[in-house]
Amino acid sequence: MFVRALLATTLLAASAAAPTATAATTACSTPGDVLNLANWKLQLPVDNPNQSGTQVLEVSQPQLDSYELSPWFIDQPDCNGVRFRNAVNGVTTPNTTYARSELREMRNGSGASWSSTSGVHTMVIDQAITHRPNTKPQVVAGQIHNGNDMATFRLDGSSLYVTNENDTHYKLVDGNYTLGKRFQAKFVVSNGSIKAYYNNVLQATLPKSFTGGYFKAGVYTQANCTNSSPCSTSNYGETIVYNVTVTHS
């Protein structure tokens, strides 16, 4: 009896001394607590109230680190990802017909601009596409830009493609994509070519010689009020980005 009582007392003491995990250990307040946004600028599908006329709202560092705007750019409740949402009636950037909720790569406070023939440039996005617009169910989730889209990961219905400039169906990488399926999109640019990987498997090698390159991550909805209804914020494209990294060497 004495031995049992002693054992019970010992177990209670050990339990009291052991640290316990709390919700605070994974608490986040803004997307900057989830993703490293140091070398990014955010473009949102809403009007900038501080600019005359209608212009896309852009948020740069250092403000971006503590910024969020529901429902377009917000951390997930469990703090493991960031939601990017963009409606068909969103404000567009100049020379485009579709709006976006996207990160644009920056370097030293200015827009990144690198060459496909010098160095090695890599972006890896751990993400899931979680919503498509109606009628024209197409979204871009990750791209290389150079004034034009050099290559993207683009969902068309349930088919996920790597694109090659204007060829939006260049390489099918998943013919049965279901919303919410988590995947890794990876671009490696070097020696005058773009290599695109889906879940770490090489899918396409695109010979490309360009300067002025930069990466984008988030959601670029490929629909607007002329080809998708209703023309409202309830009709949108959406991604969850769990992690995004960019390296240059």
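Of note:
- Residue-level check: of (1) within 25 Å of residue 90 (Cβ to Cβ); (2) in contact (Cβ under 8 Å) with a residue 24 or more places away in the chain, residue 164 misses just (1).
- Every residue from the range 230-249 that is exposed (fewer than 14 other Cβ atoms within 10 Å of the Cβ) and of a type in the set (Gly, Ala, Ser): 232, 234, 249
- Selection status of residue 185, buried (at least 23 other Cβ atoms within 10 Å of the Cβ), under 14 Å from the mean Cα position of the chain (by Cα) and in contact (Cβ under 8 Å) with a residue 24 or more places away in the chain: yes
- Test: residue in the range 64-76 that is farther than 30 Å from residue 189 by Cβ, open to solvent by less than 80 Å² (accessible area, probe 1.4 Å) and at pLDDT below 95: no
- Residues satisfying the stated conditions in the range 77-97, i.e. crowded, with 22+ Cβ neighbours inside 10 Å and over 15 Å from the mean Cα position of the chain (by Cα): 87, 88, 90
- Of all positions in the range 138-145, none carries a residue that is closer than 23 Å to residue 82 by Cβ, in a loop (DSSP other than H, G, I, E, B) and open to solvent by 20 Å² or more (accessible area, probe 1.4 Å).
- Here residue 110 fulfils each of the conditions (1) of a type in the set (Ser, Thr, Tyr); (2) more than 26 Å from residue 227 (Cβ to Cβ); (3) modelled with pLDDT of 95 or more apart from (3).
- Candidate set from the range 11-51 (those that are of a type in the set (Val, Ile, Thr) and either open to solvent by 80 Å² or more (accessible area, probe 1.4 Å) or under 13 Å from the mean Cα position of the chain (by Cα) (or both)); member that is modelled with the highest pLDDT: 34
- Sole residue being part of a strand (DSSP E or B), open to solvent by 20 Å² or more (accessible area, probe 1.4 Å) and closer than 17 Å to residue 248 by Cα, chosen from 205, 168, 122: 122
- Qualifying residue in the range 192-211 (condition: more than 26 Å from residue 120 (Cβ to Cβ) and under 16 Å from the mean Cα position of the chain (by Cα)): no
- For residue 116, the criteria (1) at pLDDT 95 or above; (2) over 18 Å from the mean Cα position of the chain (by Cα); (3) open to solvent by 10 Å² or more (accessible area, probe 1.4 Å) hold in every case but one, which is (3).
- Flag for residue 105 being of a type in the set (D, E, K, R), surrounded by 15 or more Cβ atoms within 10 Å (Cβ to Cβ) and under 12 Å from the mean Cα position of the chain (by Cα): yes
- Hits in the range 171-182 (condition: in a loop (DSSP other than H, G, I, E, B), under 19 Å from the mean Cα position of the chain (by Cα) and surrounded by fewer than 17 Cβ atoms within 10 Å (Cβ to Cβ)): 178, 179, 180, 181
The values are calculated or read from the model by the stated rules, or taken from the named source; none is laboratory data. Quick caveat, the model's predicted, so the values are computed rather than measured. Note that we place each Cβ from the backbone using ideal geometry, even for glycine, and neighbour counts take in every protein chain shown. Protein only, heavy atoms only, side chains kept; ligands, DNA and RNA dropped before computing areas. Shrake-Rupley method; radii C 1.70, N 1.55, O 1.52, S 1.80 Å.
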